[in-house]
1. List the number of the failed condition for Ser80; all other conditions in (1) under 20 Å from the mean Cα position of the chain (by Cα); (2) under 14 Å from Gly9 (Cα atoms) hold.
2. Are there any pairs, at least 6 apart or on different chains, whose C-beta atoms fall under 9 Å, with the first in the range 73-90 and closer than 10 Å to Ala114 by Cβ and the second open to solvent by less than 30 Å² (accessible area, probe 1.4 Å) and in a helix (DSSP H, G or I), and if so, which?
3. Any idea which of Glu27, Glu40 is among the acidic types (Asp, Glu), within 13 Å of the ligand (Cβ to nearest atom) and more than 25 Å from Asp123 (Cα to Cα)?
4. Return only the number of the condition from (1) under 22 Å from Gln79 (Cβ atoms); (2) in contact (Cβ under 8 Å) with a residue 60 or more places away in the chain; (3) crowded, with 19+ Cβ neighbours inside 10 Å that Phe5 does not satisfy.
5. If we keep just the residues of the range 47-66 that are open to solvent by 20 Å² or more (accessible area, probe 1.4 Å), within 18 Å of Gly113 (Cβ to Cβ) and more than 9 Å from the ligand (Cβ to nearest atom), which is nearest to the chain's Cα centre (by Cα)?
6. Hey, which of the strands (runs of 3 or more DSSP E) in the range 99-212, taking only ones fully inside, have at least 1 residues that are more than 16 Å from the ligand (Cβ to nearest atom) and crowded, with 17+ Cβ neighbours inside 10 Å?
7. Which of the residues belonging to the range 67-96 are part of a loop (DSSP other than H, G, I, E, B), of a type outside the set (A, V, I, L, M) and open to solvent by less than 70 Å² (accessible area, probe 1.4 Å)?
8. I need every pair where a residue in the range 104-129 that is on the phi > 0 side of the Ramachandran plot has its Cβ under 7 Å from the Cβ of a residue that is open to solvent by 50 Å² or more (accessible area, probe 1.4 Å), sequence separation at least 6 or different chains.
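The values are calculated or read from the model by the stated rules, or taken from the named source; none is laboratory data. Fair warning: this is a prediction, and the values are worked out from it, not measured in the lab. Cβ coordinates were reconstructed from backbone atoms using ideal geometry, including for glycine residues, and neighbour counts include every protein chain displayed. Ligands, DNA and RNA are excluded from the accessible area calculation, which covers all protein heavy atoms including side chains. Shrake-Rupley method; radii C 1.70, N 1.55, O 1.52, S 1.80 Å.
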Amino acid sequence: MKSEFAVIGLGRFGGSIVRSLIEQGMEVMAIDINEERVNEFASVATQAVIADTTDENVLKNLGIRNFDHVIVAIGDNIQSSILTTIILKELGVEHITVKAQNDYHEKVLRKIGADHVVHPERDMGRRIAHYIVSTNVLDYLELSEEYSIVEVIVNDFLAGRTLVELDVRAKYGINIVAIKRGKEIIVSPMANDPLQMNDILIIIGADTDINRFEKKMLNQ
Ligand code: ADP
């Protein structure tokens, strides 16, 4: 069964969610107060509607309660974002994801019961900061304040060594969960298979442990 989504606010963030959900075969209603934005999505979304979502009756008439998941991607207008979220909550929408503009906004959204609060600018900033400080780190995903998943490219210090030799679990408390080798992804890496130059290691662990490992790799 296809899930039904509604995306409110068709800026860069909301717009890219609409496109991506459609690509995944989902049904998406795209909503914005701005007619031009809505027109842009008329041929992309399952349905595109001009509406001010701070008006409870408007949301009721759209049958918003029947959607599985509503994403509020109203950008700068924090007041409208909060009001829309409160109304969605009151109408009994089951899953609500809201984009927060700043920490204060995030706090309020959590208080009023948004199920997921996302903070894309802050998170992307942190992500980028992680891979610009280290030439070996290709990508970074924060799991919590202390734990992350990082992608590290194999340099000449690691190339030719096996996971047994590196023994990262005992030495650093981190786990190499997969290896990307060209187009192949090895999900259960063999302990005795030597790493190759330019392999990408997907590592999970505490930030402090991952940093120790990175430093060791770089200082060789
Ligand atoms: P981004 O930072 O993701 O590009 P924008 O601030 O450009 O976000 O986009 C937010 C969108 O939300 C705009 O297209 C704006 O018209 C829409 N929007 C703002 N207030 C409302 C509202 N009350 N109801 C519906 N859509 C709204």
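1. (1)
2. Qualifying pairs under 9 Å: Ser81/His105; Ser81/Leu109; Ile82/His105; Ile82/Leu109; Thr85/Leu109; Leu88/Leu59; Leu88/Ile64.
3. The match here is Glu40.
4. (1)
5. Within the range 47-66, the match that is nearest to the chain's Cα centre (by Cα) is Arg65.
6. 137-142, 147-153, 175-181, 200-206
7. Listed by number, the residues that qualify are Phe67, Asp68, Gly75, Gly92.
8. As it stands, the answer is Gly113/Lys89, since those pairs meet every condition given.
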